[in-house]
Amino acid sequence: MLQAVFWLVEEVIRIYIWVMIAAAIFSWLEVFGVLDTRSRIVYVIGDFLDRITTPVLAPVRRFIPPLGGIDISFIVVFLVLQALLIFLNGLYGQLLMAGYS
């Protein structure tokens, strides 16, 4: 049971990391004019990615302003999520060593 919980939490974090990467790439493609935001599907995808990532990125953006016009909140959240994955793996290992399974 414990393994299933840790697996689920890790997979949700990994999927969210991929969604953040997709949102970053999508925003770059919008800025450089590769994607036409007047297209309905492009708008829907962009809106979805924005709605999923903004609740996590917005608090970081309040504390860390853009540096030279570059928003580094993505990098901060990405590093925090990676650190959380490492912490969860260590915690799971410690629980296994202690006899919880």
(message) Which numbered condition in (1) farther than 20 Å from residue 77 by Cβ; (2) in contact with a helix residue (DSSP H, G or I) (Cβ under 9 Å, 6 or more places away or on another chain); (3) aromatic (Phe, Trp, Tyr) is the only one that residue 26 fails?
(response) (1)
(request) Give the number of residues within the stretch 48-101 that are of a type in the set (D, E, K, R) and outside any helix (DSSP H, G or I). (result) 1
(request) For the stretch 9-42, name all the residues that are over 23 Å from residue 82 (Cα atoms), among the aliphatic types (A, V, I, L, M) and open to solvent by less than 50 Å² (accessible area, probe 1.4 Å). (result) 35, 42
(request) Of all residues in the stretch 79-95, count the ones that are open to solvent by 50 Å² or more (accessible area, probe 1.4 Å) and not aromatic (Phe, Trp, Tyr). (result) 9
(message) Looking at the structure I just gave you, is residue 10 in contact (Cβ under 8 Å) with a residue 60 or more places away in the chain and of a type in the set (D, E, K, R)?
(response) yes
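The values are calculated or read from the model by the stated rules, or taken from the named source; none is laboratory data. Being a predicted model, the structure only gives us computed values, none of them experimental. Don't worry about glycine lacking a Cβ; one is built from the backbone with ideal geometry, like all the others, and counts go over all protein chains shown. Ligands, DNA and RNA are stripped out before the accessible areas are found, and what is left, the full protein with its side chains, is counted by its heavy atoms. Shrake-Rupley method; radii C 1.70, N 1.55, O 1.52, S 1.80 Å.
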